[in-house]
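Visitor: Here it is, the structure in full.
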Amino acid sequence: MRFQDQTFQQRERSILDAATHLFHQQPWDRLTIAEVAAHARIGKGTVYKHFPSKEALYAQLVLEFSRNNLQRLTLQAADLPAAARLRQVIRLAFAELHADPVMAQLWMHCDRPDFRQRLAPQMQQQFAALDELHQQVFMGLLTDFLHPLVLDEEQSIRLLWALEASFLGVMARIATGSFAFCEAPFRVEEYFDQISDFIIAGLQGQAAQFSPHYPLEKA
């Protein structure tokens, strides 16, 4: 790698690290590029050479977090029996997002269609590739979970939509910190366990509609 390229990458890393630190210290949507530049000890104009806008900075952080998150979760579940991996990935994802609600907020912000449309074409392509990767990974986890039932593409997509909707609902609660919705004693870990089990049961119930013999096959 050329020295200039290495320097460019190191400087970009410094910008991302500075932004991540500051986002956890103050509201990320109010943070300015000038503040990020000052924390990274570089000029404001230099930041714009890497990221033409705050939205581009948000997007890069979410892309990195999402890729790393997906890789980490699938590796942690890899040693489990195939039928248990999907539930484990869902549950671990909830825990990781709860540990970093700022990234949950950014993730939901960057998932909006109007946000993505404002990004440069190259970054739009990165999000499209990430979406495709998520679909491939979860399609594989779903296939293993439902074995020996074989779904067609339409059935698989329907189940993935349901899984995504349930997951985004929990992510919204994490992002907003709105767990005080129940007067009864509440533990967030139990909530995550319950929702993970609910998602799994819902997928099994829908699969049973696709194949009346599915519960027997599963047993």
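Visitor: Treating the angle as unsigned and between 0 and 90°, give the value, to the nearest 10°, between the Cα long axis of helix 153-176 and the longest Cα principal axis of the chain.
Guide: Once rounded, the angle reads 50 degrees.
Visitor: Calculate for the chain the 222 nm mean residue ellipticity that helices alone would give, adding -39,500 (n - 2.57) per DSSP H run of length 4 or more and normalising by residue count, nearest 500 deg cm²/dmol.
Guide: Per the formula, -25500 deg cm²/dmol.
Visitor: Further question: Going 7 Å from the Cα of Gln126 toward and past its Cβ, which residues in the range 39-64 have a backbone nitrogen under 16 Å from where you end up?
Guide: 47-64
Visitor: Between Arg41 and Arg2, take the C-beta separation as r, use R0 = 22 Å, and let me know the FRET efficiency to the nearest 0.05.
Guide: It comes out at approximately 0.40.
Visitor: Calculate how large, on average over all directions, the projected area of the Cα convex hull of the chain is; give the answer in nm² to one decimal.
Guide: Taking the Cα atoms of the chain, their convex hull projects to 15.2 nm² on average.
Visitor: Helix 121-146 sits at what angle to the longest principal axis of the chain, using alpha carbons and giving 0 to 90 degrees rounded to 10?
Guide: Tilt relative to the chain: about 20 degrees.
Visitor: Then there's this: Do you know the relative contact order of the range 23-108, to the nearest whole percent, from alpha carbon pairs under 8 angstrom that are 6+ apart?
Guide: Relative contact order of the range 23-108: 24 percent.
Visitor: To the nearest 10 degrees, how steep is helix 3-23 against the longest Cα principal axis of the chain, on a 0 to 90 scale?
Guide: Computed tilt is about 70 degrees.
Visitor: At a threshold of 8 angstrom on Cα-Cα distance, excluding pairs fewer than six apart, so keeping six or more, what relative contact order does the chain reach in percent?
Guide: This gives 20 percent for the chain.
Visitor: Would you look at the GNM of the chain, springs on alpha carbons closer than 10 Å, and say which of Leu130, Leu75, Leu141 moves the most?
Guide: Answer for the Gaussian network model of the chain: Leu75.
We did not get these values from a lab; they are worked out from the coordinates using the rules stated. Only a predicted model underlies this, so the values are computations on that prediction, with no experimental measurement involved. Ideal geometry is used to build each Cβ from the backbone, glycine not excepted, and the neighbour counts take in all protein chains shown.
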